[in-house]
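See below for the structure under consideration.
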Amino acid sequence: MKRVLVTGCLGQIGSELVDRLRKDLGNSNVVATDIRMPQVVKENEIFEILDVMDLDKMRRLAEKYQVDTLIHLAALLSAVAEEKPQMAWNLNMTGLVNALEVAREFDLKFFTPSSIGAFGPDTPKDNTSQDTIQRPTTMYGVTKVAGELLCDYYHTKYGVDTRGVRFPGLISYTTLPGGGTTDYAVDIYYSAIKEGKYTCFIDRGTAMDMMYMPDAIDAIVQLMNADPNRLVHRNAFNISAMSFDPEEIKQSIQKVMPEFEMDYEVDPVRQGIANSWSNSLDTTCAQEEWGFSPKYDLDDMTKDMLVKLQEKLTEKV
Ligand SMILES: NC(=O)c1ccc[n+]([C@@H]2O[C@H](COP(=O)([O-])OP(=O)(O)OC[C@H]3O[C@@H](n4cnc5c(N)ncnc54)[C@H](O)[C@@H]3O)[C@@H](O)[C@H]2O)c1
């Protein structure tokens, strides 16, 4: 991975991944793209408008910048995809096929994230294995399972070096999440700092896998640098750093802010999606095949989130 093109780079993951890649590889080796303009483009940084539905433009950019790696992030997330299922199918599948075609034509290494949304109600819920039943009941999940299969297909049929992870809910302070079911675990920190209380849309007792963004970014870089001969699996590895329900994250915040309060107003759509997902993942394959090893547990993450978010929100005032 020496020169990388990233799609959907202004989202929750892309905004932090692009910063990391620019530090690791240098500004001239990172081609950041999105369907919309960022607020600022600094001198020496490369940004291009790219709608991932536009195959020709994606091709032209891969050729223009002579990239060797494509990281494809543009997609509709779980809650938005349930509101607009046809649009989710079109964007998540056509965008992915276009990106895979460009990777095939230009012999690029390829990464795209799957999700815990690729599991469904029939999947064993606790310590869910790498290879298990995947019959999701959401459009997001349907596109994620199809995407995993398609990435494997491009690897076996065309030899494209495709790699992916099943991300759990990602928690971060730089960019707000784009409409996922686990967004409550980000909102809760903003509300804790701004109002000292939070109304949670996911019910108590609903455990889901989560991870702090620095660990997620490390995981992408580590997997992309992994020795291909060690990869038995490819699309996509179970990864997770913690599993908690809303009460546990509340208690973690209360260790730092004892006065913090939380009540519940459950959103039936997002609760239904959460109920269909696993409670906790088995990440053994990722550990064994490429050394996955997250650093943050729930309390470490809470401490860091509250400090960093406080700084960010104070700067804005
Ligand atoms: N954030 C999470 O918690 C999480 C968890 C599991 C998997 N994922 C997956 O990771 C990937 C990135 O997620 P994210 O959280 O950064 O998403 P996000 O919603 O925050 O960002 C998506 C970006 O894609 C851009 N985009 C939308 N339509 C586009 C188009 N037609 N062409 C180009 N760009 C377009 C948007 O402008 C946005 O900047 C997705 O595949 C998502 O399913 C995310």
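Of the residues making up the range 138-163, those that are more than 12 Å from the ligand (Cβ to nearest atom) and not in a helix (DSSP H, G or I) are GLY159, VAL160, ASP161, THR162, ARG163. In the range 232-240, is there at least one residue being of a type in the set (Ser, Thr, Tyr) and out of contact with any helix residue (DSSP H, G or I) (no Cβ under 6 Å at 6 or more places or on another chain)? Taking every residue of the range 232-240 in turn, at least one turns out to be of a type in the set (Ser, Thr, Tyr) and out of contact with any helix residue (DSSP H, G or I) (no Cβ under 6 Å at 6 or more places or on another chain).
Taking SER28 as the residue in question, decide whether it is over 17 Å from the mean Cα position of the chain (by Cα) and of a type in the set (Gly, Ala, Ser). Yes.
Check whether at least one residue in the range 186-201 is within 16 Å of the ligand (Cβ to nearest atom), under 14 Å from the mean Cα position of the chain (by Cα) and either in a loop (DSSP other than H, G, I, E, B) or within 20 Å of ILE71 (Cα to Cα) (or both), and report yes or no.
Checked the range 186-201: no residue is within 16 Å of the ligand (Cβ to nearest atom), under 14 Å from the mean Cα position of the chain (by Cα) and either in a loop (DSSP other than H, G, I, E, B) or within 20 Å of ILE71 (Cα to Cα) (or both).
Out of ARG166, ARG135, ARG204, one residue alone is within 12 Å of the ligand (Cβ to nearest atom) and either outside any helix (DSSP H, G or I) or among the acidic types (Asp, Glu) (or both). It is ARG166.
Of the set (1) assigned to a loop (DSSP other than H, G, I, E, B); (2) under 21 Å from GLU195 (Cα atoms); (3) hydrophobic (A, V, I, L, M, F, W, C), all apply to LEU313 but (1).
Residue-by-condition table, conditions (1) over 30 Å from GLN39 (Cβ atoms); (2) of a type in the set (Lys, Arg); (3) touching a Leu at 6+ places or on another chain (Cβ under 7 Å):
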residue	(1), (2), (3)
PRO136	yes, no, no
GLY141	yes, no, no
VAL145	yes, no, no
GLU148	yes, no, no
TYR154	yes, no, yes
GLY159	yes, no, no
GLY164	no, no, no
GLY169	no, no, no
SER172	no, no, no
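Examine the range 144-162 for a residue that is within 23 Å of ASP203 (Cβ to Cβ) and not charged (D, E, K, R), and state whether such a residue exists. Checked the range 144-162: no residue is within 23 Å of ASP203 (Cβ to Cβ) and not charged (D, E, K, R).
So that you can scan it fast, the table gives a plain yes or no per residue for (1) of a type in the set (A, V, I, L, M); (2) surrounded by 15 or more Cβ atoms within 10 Å (Cβ to Cβ); (3) within 26 Å of SER129 (Cα to Cα):
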| position | (1), (2), (3) |
| --- | --- |
| PRO214 | no, yes, yes |
| MET224 | yes, yes, yes |
| LYS250 | no, yes, no |
| VAL256 | yes, no, no |
| PRO268 | no, no, no |
| SER278 | no, yes, yes |
| THR284 | no, no, yes |
| PHE292 | no, yes, yes |
| VAL307 | yes, no, no |
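Test ASP215 against the criterion of being of a type outside the set (Ser, Thr, Tyr), part of a helix (DSSP H, G or I), at pLDDT 95 or above and within 16 Å of the ligand (Cβ to nearest atom), and give yes or no. Steps first, answer last, please.
On the way: of a type outside the set (Ser, Thr, Tyr): yes; part of a helix (DSSP H, G or I): yes; at pLDDT 95 or above: yes; within 16 Å of the ligand (Cβ to nearest atom): yes.
So ASP215 passes the test.
The values are calculated or read from the model by the stated rules, or taken from the named source; none is laboratory data. Note that the coordinates shown come from a computational prediction; the quantities given were computed from them, not determined experimentally. With ideal geometry, Cβ positions are generated from the backbone for all residues, glycine too; neighbour counts draw on all protein chains shown.
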